[in-house]
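Asks: The structure that follows is given in the form of C-alpha cells.
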Ligand code: MN
C-alpha cells in the first residue's frame, strides 16, 4: 500500500496512476494543522491493513497528475536521524580532501542520534529557501523509516514489528560547527515523500537502492546494504533513547556524493519500490532577519565550515 496525503490534506492510496480518496474512513480528519489524526490512523492501519479494503473498492479515484501531493507525515512527534551511517560518506567528510579535511569523522557510537524538528518537513513539489548566503548547504539523500506502533527498548529482531513503511527523505544540512539540530533544522530541511510505502511492498529493506539528481546531474547513488547501522539496528537504538510513536520518522543516513545545494536547483530523489520526490530550491537566499542585518550572515560565515 502507498499511503499519501494530497490536495487539502485528504488521505489517499496510490493505485498505479490513480489516487483513491479514503478520507471518509479516517476518524477525526481535518484539513488544519497539526494533522494529528494521521498518527492514530497510521497505528490502526499498521495493526489491521485490511481495514481500508472496503474503502479502497468504493472510494472515488482521481488521476495522480491531477492532485497536489503533500508530505505524507506532516507532523510526526519527531524525526530521529542517524549521522554518518555509510562508510564512504564518512570518508568524504574527513580524510585529506573531505569537507572537514583532516578531521577524524566519527560514527553513531560517538555522535549518537539527533533530532530534526517536525516543522522542517515539507512535501513533494514544495520550494525551499536556503537560509544563509555565506554558508554551504548540502543535500543528503536518505531513506525515511515510518513507525507504525508505540514501542520502547526494542531489540533488532523486534524492529520489523514496528516499522510501518518507508519514504524518500532529504536531510538538508548547513555545514559548520554548530550542533546538528541547528544546522539541519531549518524550515524545509526535511523533504519527505512522495508517499509512504508499507513494509510489505519492500522486498528487502537491507537492499534498497536510491539515487539523487540535482538538476540533470547524478550526485548520489546509495543502497541500504552499505549502511554501517542497518535499518533494524537504527530502530532498536532509537527505541532505547526515546519511545517511538506511530508516524515517527527515522532518517537513516546518507551515502557518499553529498554536495552543495544552490539557489534555483531542482532535487530529484528516486527510491526503488517507493517513488520519486522532487523539490525546488528558491532562486534567492533568505534575507537576514531585518533587525540583525548583515551581521547575522557574517557571524555565521565566520563560524562556518572551511568552504
Ligand atoms: Mn543525514
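Values quoted throughout were computed directly from the atomic coordinates according to the rules given, and no laboratory measurement underlies them. Quantities reported herein were computed from a predicted structural model and do not represent experimental measurements. Because the Cβ atoms are built from the backbone with ideal geometry, glycine has one as well, and the counts that use them run over all protein chains shown.
Asks: What relative contact order, as a whole-number percentage, does the stretch 1-150 give when Cα pairs under 8 Å and 6 or more residues apart are counted?
Replies: The value is 21 percent.
Asks: Let me ask you something else. What angle do you read, to the nearest 10 degrees and between 0 and 90, between the alpha-carbon axis of helix 38-47 and the longest principal axis of the chain?
Replies: Taking Cα atoms only, the helix is inclined about 60 degrees.
Asks: Between the helical axis of 231-241 and the dominant principal axis of the chain, each derived from Cα atoms, what acute angle in degrees is found, rounded to the nearest 10?
Replies: For 231-241 against the chain, the angle is about 80 degrees.
Asks: Quick one: if you take sqrt(5λ) for each eigenvalue of the C-alpha gyration tensor of the stretch 2-66, what semi-axes come out, biggest first, whole angstrom?
Replies: 18, 15, 9
Asks: Specify the residue with the greatest mean-square fluctuation among 242, 167, 137, computed from a Gaussian network of the chain linking alpha-carbon atoms under 10 Å apart.
Replies: With Cα springs under 10 Å in the chain, the top fluctuation among 242, 167, 137 is at 242.
Asks: 7 Å from Cα along Cα→Cβ at both residue 149 and residue 209: what's the point-to-point distance in nm?
Replies: 3.2 nm
Asks: On to the next question. So if I take the centroid of the Cα atoms in the stretch 245-269 and the same for the stretch 121-188, what is the distance between those two points in Å?
Replies: 7 Å
Asks: Which whole-number percent gives the relative contact order of the chain, counting Cα pairs below 8 Å spaced six or more residues apart?
Replies: For the chain, the relative contact order is 23 percent.
Asks: Also, I was wondering about something else. Please build a GNM for the chain, connecting alpha carbons under 10 Å apart, and tell me which residue among 97, 239, 30 fluctuates the most.
Replies: Ranking 97, 239, 30 by mean-square fluctuation puts 97 first.
Asks: May I ask you to derive the FRET efficiency for residue 127 and residue 58 from their Cβ-Cβ distance with R0 = 45 Å, giving the value to the nearest 0.05?
Replies: Computed FRET efficiency for residue 127 and residue 58 comes out at 0.80.
Asks: Can you tell which of 38, 267, 18 shows the greatest fluctuation in a Gaussian network model of the chain with Cα springs below 10 Å?
Replies: For the chain, modelled as a Gaussian network with Cα springs under 10 Å, the answer is 18.
Asks: Take residue 68 and residue 266, extend 7 Å from each Cα along the Cα→Cβ direction, and tell me the distance between the two endpoints in nm.
Replies: Taking the two extended label points, one gets 1.8 nm.
Asks: Separate question: Taking each pair of distinct Cα atoms in the chain once, what is the resulting Kirkwood hydrodynamic radius in Å?
Replies: Result for the chain, one decimal place: 19.7 Å.
Asks: Could you tell me the ratio Rg/Rh of the stretch 1-159? Both radii from Cα atoms, Rh via Kirkwood.
Replies: On the Cα set of the stretch 1-159, Rg over Rh gives 1.04.
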